[in-house]
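A.B. asks: I have a structure here, written as structure tokens, and I will follow up with some questions on it.
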Protein chains: 2
Amino acid sequence: MGCAPMSHILFDEVMRFNPKNPYWFNRDRFVLSAGHGCMLQYALLHLAGYDSVKEEDLKQFRQWSSRTPGHPENFETPGVEVTTGPLGQGVGNAVGLALAEANLAARFNKPDATIVDHYTYVILGDGCNMEGISNEAASLAGHWGLNKLICFYDDNHISIDGSTDIAFTEDVEKRFEALGWHTIWVKNGNTGYDEIRAAIAEAKTIKDKPTMIKVTTTIGYGSPNKANSYSVHGSALGSKEVDATRKNLGWPYEPFVVPEEVKSHWSKHTKLGADLEAQWEASLAAYEKKYPTEAAEFKQLISGELPDGWDKALPVYTPESPGDATRNLSQTNLNALVKVLPGLIGGSADLASSNMTLLKAYGDFQKSTPEERNVRFGVREHGMGAISNGIALHGSGLIPYCATFFVFTDYMRGAIRLSALAEAGVIYVMTHDSIGLGEDGPTHQPIEHLASFRAMPNIFMFRPADGNETAGSYKVAVLSRKTPSILALSRQKLPQLAGSSIDAVSKGAYILSDNSSGNKPDLILIGTGSEVEIAAKAADVIRKEGKSVRVVSFPCWELFEKQSDEYKESVFPSEVTARVSVEAGSTFGWGKYVGSRGVAIGLDRFGASAPAGTLYKEFGFTVDNVVAKAKSLL
Amino acid sequence: MGCAPMSHILFDEVMRFNPKNPYWFNRDRFVLSAGHGCMLQYALLHLAGYDSVKEEDLKQFRQWSSRTPGHPENFETPGVEVTTGPLGQGVGNAVGLALAEANLAARFNKPDATIVDHYTYVILGDGCNMEGISNEAASLAGHWGLNKLICFYDDNHISIDGSTDIAFTEDVEKRFEALGWHTIWVKNGNTGYDEIRAAIAEAKTIKDKPTMIKVTTTIGYGSPNKANSYSVHGSALGSKEVDATRKNLGWPYEPFVVPEEVKSHWSKHTKLGADLEAQWEASLAAYEKKYPTEAAEFKQLISGELPDGWDKALPVYTPESPGDATRNLSQTNLNALVKVLPGLIGGSADLASSNMTLLKAYGDFQKSTPEERNVRFGVREHGMGAISNGIALHGSGLIPYCATFFVFTDYMRGAIRLSALAEAGVIYVMTHDSIGLGEDGPTHQPIEHLASFRAMPNIFMFRPADGNETAGSYKVAVLSRKTPSILALSRQKLPQLAGSSIDAVSKGAYILSDNSSGNKPDLILIGTGSEVEIAAKAADVIRKEGKSVRVVSFPCWELFEKQSDEYKESVFPSEVTARVSVEAGSTFGWGKYVGSRGVAIGLDRFGASAPAGTLYKEFGFTVDNVVAKAKSLL
């Protein structure tokens, strides 16, 4: 209720949108980072004329299959741009939305023709401001000078546990100034409408910095007994207090009844919105006449369709191709893809030279060069993930990728989970994927990470074994605009395998080699990533002893699970129970594929600091060990 | 090399430690948050006379089974206080170390007798400062006024990807001032020894704030060709450049050779350290005479041993005891335990009233009341985890717990993993453990989290089903000082189960009820947490139809895995293949226990916003569904 004035002004007076087309490209974006206040957002969408939030939707607040869930979800409610609730994520998303706008504006606008031009508005609370992710994102927004990003900090002094005095006494304005933001303080956010209007106007005059408007409000403003109390934070007022509040505010109407004069006032937005979109369409048509090539690229981009034949750019390898680390093969893919995918944009959390993520034909996205495509996130993994989600959910055909060491997905898991939930097709380029990274030791060596993402809904966890599988992983990742992908990539050199292919990856698991007939090998050896080579070599040894051995490469569990029962049986015939898996990570979950008779070779402890070869030997990731374990089953 | 002057001054002139007893209670703590520079720390420990780092250890840098791994690891190298490397964690750990000192000093020091009195020193770099976790921790340190925390910010302008200009242009000093810190700038950190000394002296005069000393240095200082270059960040100089650097610095000695005069200079620390410890022992003896009760508690606490009979305080329940949410039962346990465990201290990330973590007999740990035991972390999950690790690794018998919603372990996973790796026995109180939380919806509903922690080494993932199991989880968690524990607790009310017990939890899984004989039930129903009730009711239904059914409650997979084969077989006899598990979360990993014939009832998609009862019904967590699935196997 304390946020009502600022959000009312935003929706009714400031923001440019078309309620009948929530996906109009050039709309202003609004993010309620303090997502627990979503009823306000739903009410405004309803008033503004969005068909996604009818009166009956408001009545179904937080009910099964409603379009008004307990936190805003972009995939449920058109008009909601991003999914918020986990605090601070919305701030990061908003930085991504503003980055997308700045990048596209710099690439496509012309001195005489503007087709990309919108603001991104955010409301955040004390909780968002306490979260580290928001500091990371805000530091980048300041560094990049994203002046079309305007944040409202709802300074209500209250969080769930009580007054912010108990845990949050920093000087927020000064911190934002240190981060390179313009700041404005609206002292009376409860009723100071003109102050809020003036602050927004001032923010728009600032051309080189984002703006943070601190709006001092009273939580539950209008409630005579519960205003300024933490009990309002996540709980309903209760019917008695609602009645008292209605009286206090002089609001005589029944619940959910919108008075005619209010309806009539807000109804203007339907026409206004249609006009705004029509004006933009006219601008775009004029642009197209003057700049047909750019217009074609722009329209293709914002259509969300991939250019025809884009996947022909993916590199293909033969067993004779030189071996290489999959992180390097990934770089080859990224640099090949950027030539055919105008939407590709991304970078690393200060590890570009280790993650191998630089787009060589491009410079850095910076304040002075916003048209460029290499994003330098600094050591800010969580912010990077949330910004990437914002870029993806800008809905303009941009395909964000971002990178760090695989183990540091731990730092950004909150954002990765939201990629999965919010259907943001971010590509996570995660290198140094196992103990194979060697000397940096257990703080840097992922163990449980593959399992932890295989258990997460709506995300593809890839661990490619060579060049073709890396390209195949990228193929699925680029195609999957509503499912994020993680590519776990090796630091160490791997051979190009006989039997691998780009298309096989889309099946999740496939037969790399087999010397049996009739779908009845004596043994199945299963590997992922860098351990497929070991499985293949172990198979050679056992085959020489007269046994039939199938080698299965298993780059993506989730894709395999989507296959038909027939296909699954063709790869893992149920009657073949002699199965050995080998993967340099936790064995957790492998029971499903090796079965009760089989053996999962893995690592269920932390790693160690030593050269990679030593670690592989000490921890049993050797051909000899695989052969020995396999023979024990034959 | 740029950090050498400040760290040399710290170890040689400032810090109070006893190299022959790295665990002396009252030592100053040193944290190298920029852990990749650990060779410097090893060299200083070696010079200072620590037996853990001999010349041969230095020569074994980053080699298998050495005591000098690629990042500092407290569990490998006495003298190293905490495990660092993942950036920003060390800053959080240091805040925890300083909090522990402040709390114990306030509780035990007397106007005429000081027995707790040490500083915590940190060196952090640009990377640490970019991480959100360090901002969270620093904001709390400022709020708490932890004046005995002194941080050195190694301002070398270089991170792995190049100049910090590309991603880090904020005003760090101003930000720390906004967070309530005192700041000092040493402009010549390469050779300005006196400036550094003066800065430390100044920091010690500040009595109400932590201090951040920005020390401007040149990375790789002394190297004529590679100084001030990102190529020095994580890579060796190379032998040619090492030779050039030796010449440049006028250092004629062979590698690993410490000149006699240097040895002789540093050798003083052995005697100095012994004297310091002896003086402290004398102070403690004097204290003991005056304050025998407090001294007994203090000595007991820092011994790390738990008080005799502490576990008798754990509440016991019968099936007749009123049902309750396990989050409430957890609160009963915490409040019972704090009466017998003087080390218990902790709190929540702004959700104390939801997580039910308040210690009712205590006030808040605040700047003016540092003797209290309720810690208010604010909405700073990652910082909270790192601070809790610091409290645990203070080594003074403090037992930290911390809390948020289970789903937000995603925000603090980097710190939780370090609890596991660094053997910090933090207790993570994680409530709202499933879709059972209801209306807040999928952003707040954990799905994959149980699986993700079951896959992590050295951590106990508990999901208790009732009061006895909650108490049993706490019993193991308190006993496990080198293994962290996570308790996933329900928001919703659960009954007290017939057959549950505190001690059974220590087995990980146990038979809650069974109407079979000879270890051959027709069916095994397995549940965890809130779904054990459903399994038990389903068993009743099926038993009425003449079948023998075993119900297994499975609160902790890791503990079960530690049991003997005989015990495992006694719970899950291999010949019984009709098995159904029911858990309101991902089925990932359950294949191991239900086997290829069994059925895992779970949720492999995101949840939804609706009342909990509706969600349980819609997603199949009902007695009817369990009965139906079970019958399909009979």
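A.B. asks: Which residues, taken from the stretch B:597-609, are more than 9 Å from chain A (Cβ to nearest Cβ) and either part of a helix (DSSP H, G or I) or of a type in the set (Gly, Ala, Ser) (or both)?
C.D. replies: B:Gly598, B:Ala600, B:Gly602, B:Gly607, listed by residue number.
A.B. asks: Inspect all residues belonging to the stretch A:176-184 and state whether any of them is within 14 Å of chain B (Cβ to nearest Cβ) and farther than 20 Å from A:Tyr119 by Cβ.
C.D. replies: yes
A.B. asks: Which residues, counting only those in the stretch A:542-582, are within 26 Å of A:Ser452 (Cα to Cα) and acidic (Asp, Glu)?
C.D. replies: A:Glu558, A:Glu561, A:Asp565, A:Glu569
A.B. asks: Hey, does the stretch A:533-548 have a residue that's touching a residue at least 60 places away in the same chain (Cβ under 8 Å), of a type outside the set (A, V, I, L, M), buried (at least 20 other Cβ atoms within 10 Å of the Cβ) and touching a helix residue (DSSP H, G or I) at 6+ places or on another chain (Cβ under 7 Å)?
C.D. replies: No; the residues of the stretch A:533-548 include none that is touching a residue at least 60 places away in the same chain (Cβ under 8 Å), of a type outside the set (A, V, I, L, M), buried (at least 20 other Cβ atoms within 10 Å of the Cβ) and touching a helix residue (DSSP H, G or I) at 6+ places or on another chain (Cβ under 7 Å).
A.B. asks: Kindly indicate the residue of the stretch A:404-415 that is hydrophobic (A, V, I, L, M, F, W, C) and more than 8 Å from chain B (Cβ to nearest Cβ) and also most open to solvent (accessible area, probe 1.4 Å) among those meeting that condition.
C.D. replies: The qualifying residue most open to solvent (accessible area, probe 1.4 Å) is A:Phe405.
A.B. asks: Could you count how many residues in the stretch A:311-354 are among the small types (Gly, Ala, Ser), outside any helix (DSSP H, G or I) and within 16 Å of A:Ser473 (Cα to Cα)?
C.D. replies: Result for the stretch A:311-354: 1.
A.B. asks: What do you reckon, is B:Gly607 surrounded by 22 or more Cβ atoms within 10 Å (Cβ to Cβ) and not assigned by TED's automatic domain parsing to the domain that holds B:Asp440?
C.D. replies: It is true that B:Gly607 is surrounded by 22 or more Cβ atoms within 10 Å (Cβ to Cβ) and not assigned by TED's automatic domain parsing to the domain that holds B:Asp440.
A.B. asks: Does A:Ile206 fit the bill of being among the hydrophobic types (A, V, I, L, M, F, W, C), closer than 30 Å to B:Pro210 by Cα and touching a residue at least 12 places away in the same chain (Cβ under 8 Å)?
C.D. replies: Taking the combined requirement at face value, the residue does not satisfy it.
A.B. asks: Show the residue pairs meeting these rules: Cβ distance below 9 Å; 6+ apart or different chains; first residue within the stretch A:67-93 and at pLDDT below 95; second residue of a type outside the set (A, V, I, L, M, F, W, C).
C.D. replies: Once the first residue is at pLDDT below 95 and sits in the stretch A:67-93, no partner that is of a type outside the set (A, V, I, L, M, F, W, C) comes close enough.
A.B. asks: Consider the stretch B:315-337. How many of its residues are open to solvent by less than 10 Å² (accessible area, probe 1.4 Å) and aliphatic (A, V, I, L, M)? Break it down stepwise before answering.
C.D. replies: Keep residues of the stretch B:315-337 that are open to solvent by less than 10 Å² (accessible area, probe 1.4 Å), which gives B:325-326, B:329-330, B:333-334, B:337.
Subset that is aliphatic (A, V, I, L, M): B:325, B:329, B:334, B:337.
Residues meeting the conditions: 4.
A.B. asks: Of (1) open to solvent by 20 Å² or more (accessible area, probe 1.4 Å); (2) touching a residue at least 60 places away in the same chain (Cβ under 8 Å), B:Leu32 satisfies all except one. Which?
C.D. replies: Every listed condition holds for B:Leu32 apart from (1).
A.B. asks: Please work out if A:Thr431 is more than 21 Å from the chain's Cα centre (by Cα) and within 14 Å of chain B (Cβ to nearest Cβ).
C.D. replies: no
A.B. asks: Could you identify the single residue in B:Lys475, B:Lys482, B:Lys493 that is within 14 Å of chain A (Cβ to nearest Cβ) and either over 16 Å from B:Cys402 (Cα atoms) or open to solvent by 20 Å² or more (accessible area, probe 1.4 Å) (or both)?
C.D. replies: It is B:Lys482.
A.B. asks: Let me ask something else. Give the residue that is farthest from the chain's Cα centre (by Cα), with candidates limited to residues of the stretch A:610-624 that are crowded, with 16+ Cβ neighbours inside 10 Å and assigned to a helix (DSSP H, G or I).
C.D. replies: We begin by selecting, within the stretch A:610-624, every residue crowded, with 16+ Cβ neighbours inside 10 Å; these are A:610, A:612, A:614-616, A:619-623.
This time we only want the ones that are assigned to a helix (DSSP H, G or I), so: A:612, A:614-616, A:623.
Details: A:Ala612: 31, A:Thr614: 36, A:Leu615: 33, A:Tyr616: 33, A:Val623: 38 Å.
Applying the filter and picking the extreme gives A:Val623.
A.B. asks: From (1) more than 7 Å from chain A (Cβ to nearest Cβ); (2) among the charged types (D, E, K, R); (3) open to solvent by 10 Å² or more (accessible area, probe 1.4 Å); (4) over 28 Å from B:Arg27 (Cβ atoms), pick out the condition that doesn't hold for B:Glu372.
C.D. replies: Result: B:Glu372 fails condition (4) only.
A.B. asks: Are any residues in the stretch A:447-464 touching a residue at least 60 places away in the same chain (Cβ under 8 Å), of a type outside the set (A, V, I, L, M) and either on the phi > 0 side of the Ramachandran plot or more than 8 Å from chain B (Cβ to nearest Cβ) (or both), and if so, which ones?
C.D. replies: A:His449, A:Phe460, A:Phe462, A:Arg463, A:Pro464
A.B. asks: Out of the stretch A:129-155, which residues are more than 22 Å from A:Asp117 (Cβ to Cβ) and more than 8 Å from chain B (Cβ to nearest Cβ)?
C.D. replies: A:Asn129, A:Ala137, A:Ala138, A:Tyr153, A:Asp154, A:Asp155
A.B. asks: Ok, one more. I'd like to know if the stretch B:18-29 contains one or more residues that are assigned to a helix (DSSP H, G or I) and open to solvent by less than 20 Å² (accessible area, probe 1.4 Å). Spell out how you get there, then give the answer.
C.D. replies: At the first step, the residues of the stretch B:18-29 found to be assigned to a helix (DSSP H, G or I) are none.
No: the stretch B:18-29 contains no residue that is assigned to a helix (DSSP H, G or I) and open to solvent by less than 20 Å² (accessible area, probe 1.4 Å).
A.B. asks: Run down A:Leu97, A:Leu45 and say which single residue is farther than 21 Å from A:Gly343 by Cβ and either in a loop (DSSP other than H, G, I, E, B) or modelled with pLDDT of 95 or more (or both).
C.D. replies: Working: A:Leu97 fails: farther than 21 Å from A:Gly343 by Cβ.
Going through A:Leu97, A:Leu45 in turn, just one is farther than 21 Å from A:Gly343 by Cβ and either in a loop (DSSP other than H, G, I, E, B) or modelled with pLDDT of 95 or more (or both): A:Leu45.
A.B. asks: State whether the residues of the stretch B:286-295 include one that is away from chain A (no Cβ under 14 Å) and of a type in the set (A, V, I, L, M).
C.D. replies: Yes, there is a match, as at least one residue in the stretch B:286-295 is away from chain A (no Cβ under 14 Å) and of a type in the set (A, V, I, L, M).
A.B. asks: Can you tell me which of A:Lys209, A:Lys214, A:Lys174 is open to solvent by 40 Å² or more (accessible area, probe 1.4 Å) and not in a helix (DSSP H, G or I)?
C.D. replies: From the options A:Lys209, A:Lys214, A:Lys174, the qualifying one is A:Lys209.
A.B. asks: Same structure again: Being more than 13 Å from A:Gly309 (Cα to Cα) and not aliphatic (A, V, I, L, M) is the filter here; which residues of the stretch A:331-351 pass it?
C.D. replies: A:Gln331, A:Thr332, A:Asn333, A:Asn335, A:Pro342, A:Gly343, A:Gly346, A:Gly347, A:Ser348, A:Asp350 - these are the residues of the stretch A:331-351 that are more than 13 Å from A:Gly309 (Cα to Cα) and not aliphatic (A, V, I, L, M).
Yes/no per residue for (1) over 30 Å from B:Gly378 (Cβ atoms); (2) at pLDDT 95 or above; (3) hydroxyl-bearing (Ser, Thr, Tyr):
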site	(1), (2), (3)
B:Ser159	no, no, yes
B:Thr164	no, no, yes
B:Val186	yes, yes, no
B:Gly189	yes, no, no
B:Ala198	yes, yes, no
B:Met212	no, yes, no
B:Ser223	yes, no, yes
B:Ser229	yes, no, yes
B:Leu237	yes, no, no
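A.B. asks: For A:Ser500, only one of the following conditions fails: (1) assigned to a helix (DSSP H, G or I); (2) touching a residue at least 12 places away in the same chain (Cβ under 8 Å); (3) not aromatic (Phe, Trp, Tyr). What is its number?
C.D. replies: The single condition A:Ser500 does not satisfy is (1).
A.B. asks: Mind listing whichever residues of the stretch A:48-65 are surrounded by fewer than 19 Cβ atoms within 10 Å (Cβ to Cβ) and part of a helix (DSSP H, G or I)?
C.D. replies: Selection gives A:Glu55, A:Glu56, A:Lys59.
A.B. asks: Scan the stretch A:245-271 residue by residue and report those that are hydrophobic (A, V, I, L, M, F, W, C), more than 13 Å from A:His46 (Cβ to Cβ) and not in a helix (DSSP H, G or I).
C.D. replies: A:Trp251
A.B. asks: For the stretch A:566-596, how many residues meet the condition of being at the interface with another protein chain (Cβ under 10 Å from one of its Cβ atoms), in a loop (DSSP other than H, G, I, E, B) and surrounded by fewer than 22 Cβ atoms within 10 Å (Cβ to Cβ)?
C.D. replies: Quick first cut of the stretch A:566-596, residues at the interface with another protein chain (Cβ under 10 Å from one of its Cβ atoms) only: A:574, A:577, A:585-596.
So of that shortlist, the ones also in a loop (DSSP other than H, G, I, E, B) come out as A:574, A:577, A:585-590, A:595-596.
Restricting the remaining residues to those that are surrounded by fewer than 22 Cβ atoms within 10 Å (Cβ to Cβ) gives A:574, A:577, A:587, A:595-596.
Counting residues in the stretch A:566-596 that are at the interface with another protein chain (Cβ under 10 Å from one of its Cβ atoms), in a loop (DSSP other than H, G, I, E, B) and surrounded by fewer than 22 Cβ atoms within 10 Å (Cβ to Cβ) gives 5.
A.B. asks: On to the next question. Do the conditions hold for A:Tyr193, that is, is it assigned by TED's automatic domain parsing to the domain that holds A:Arg29, in contact with a Gly (Cβ under 8 Å, 6 or more places away or on another chain) and open to solvent by 40 Å² or more (accessible area, probe 1.4 Å)?
C.D. replies: For A:Tyr193, the condition - assigned by TED's automatic domain parsing to the domain that holds A:Arg29, in contact with a Gly (Cβ under 8 Å, 6 or more places away or on another chain) and open to solvent by 40 Å² or more (accessible area, probe 1.4 Å) - is not met.
The values are calculated or read from the model by the stated rules, or taken from the named source; none is laboratory data. Everything numeric in this text was worked out from a predicted model, so none of it was measured. Reconstructed Cβ throughout: ideal geometry from the backbone, glycine too, with neighbour counts over all protein chains shown. Areas reflect the complete protein model, heavy atoms only, side chains present, ligands, DNA and RNA absent. Shrake-Rupley method; radii C 1.70, N 1.55, O 1.52, S 1.80 Å.
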